[in-house]
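This report concerns only the one structure given below.
The values are calculated or read from the model by the stated rules, or taken from the named source; none is laboratory data. Model, not experiment: these values are computed from the prediction. Here the Cβ is made from the backbone with ideal geometry for all residues, glycine too, and neighbour counts use every protein chain on show.
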Amino acid sequence: MYEIRIHSRGGQGGVTAAKLLALAAFRDGKHATACPFYGAERRGAPVVSYVRIDDRPIRVYSQIHKPDLVIVLDTSIMDVVDVLEGLKEDGTVLLNSAHALTGCNGTCRHVDLTGIALATNLVVAGSPILNTPVMGALAKMGIITIDSARAAIKEMFADERNVKAAEAAYEELKL
């Protein structure tokens, strides 16, 4: 089972990113679950979402304490939350940043999702929306296929800018 923990702030699309990722994995023929964890949070408060992907049915629906992949949609969260806590020794970090993360155990990737969202005008209430661009990065990493990412995005959002943002992140992420 491949386990993913997504750190974001309320309003950035982290919870929706988890749902999109599970939908895309399902379209790839996998079993997947998405589970957010938040209380009475407000826009801007830290939020954690979890995704599990497997070839077999998943019977676990809970927080993930030992993720294979940690996604950080807002680097300022790292000042208040230990996002690397429990990351498996061979785990991967995907950071929304124009710059690499230092001190990362395992494999670290970074892509400027915020810049992509702003360039494609994916902004709601003044905040860049990061859920669809991150799908392209995850496709580039091989977690899902780019075709399933496009299909999941189109299923949830009619605006073609969302697909363009995912494709831009797919092209921008360096492996």
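Pairing each residue of region 22-41 that is closer than 17 Å to H7 by Cα and modelled with pLDDT under 95 with any residue that is part of a helix (DSSP H, G or I) and not basic (K, R), provided the two are 6+ apart or on different chains, yields C-beta distances under 8 Å for C35/A18; P36/G14; P36/V15; P36/A18; Y38/V15. Each residue in region 1-22 was checked for being touching a Lys or Arg at 6+ places or on another chain (Cβ under 6 Å) and in a strand (DSSP E or B), and 1 of them qualify. Only one of the listed residues (I64, I53, I6, I71) is over 13 Å from the mean Cα position of the chain (by Cα), buried (at least 16 other Cβ atoms within 10 Å of the Cβ) and closer than 24 Å to E172 by Cβ. That residue is I53. Selection of region 13-72 for residues being more than 16 Å from I144 (Cβ to Cβ) and among the charged types (D, E, K, R) yields E41, R42, R43, R56, R59, K66.
Rundown of residues vs (1) modelled with pLDDT under 95; (2) within 20 Å of E167 (Cα to Cα); (3) not aromatic (F, W, Y), yes/no style:
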{"site": "C104", "(1), (2), (3)": "yes, no, yes"}
{"site": "A117", "(1), (2), (3)": "no, yes, yes"}
{"site": "T120", "(1), (2), (3)": "no, yes, yes"}
{"site": "V123", "(1), (2), (3)": "yes, yes, yes"}
{"site": "P128", "(1), (2), (3)": "yes, yes, yes"}
{"site": "P133", "(1), (2), (3)": "no, yes, yes"}
{"site": "G142", "(1), (2), (3)": "no, yes, yes"}
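For region 94-175, the helices (runs of 4 or more DSSP H) that sit wholly inside it and include 2 or more residues that are in contact (Cβ under 8 Å) with a residue 40 or more places away in the chain, surrounded by 21 or more Cβ atoms within 10 Å (Cβ to Cβ) and in contact with a strand residue (DSSP E or B) (Cβ under 6 Å, 6 or more places away or on another chain) are 113-119.
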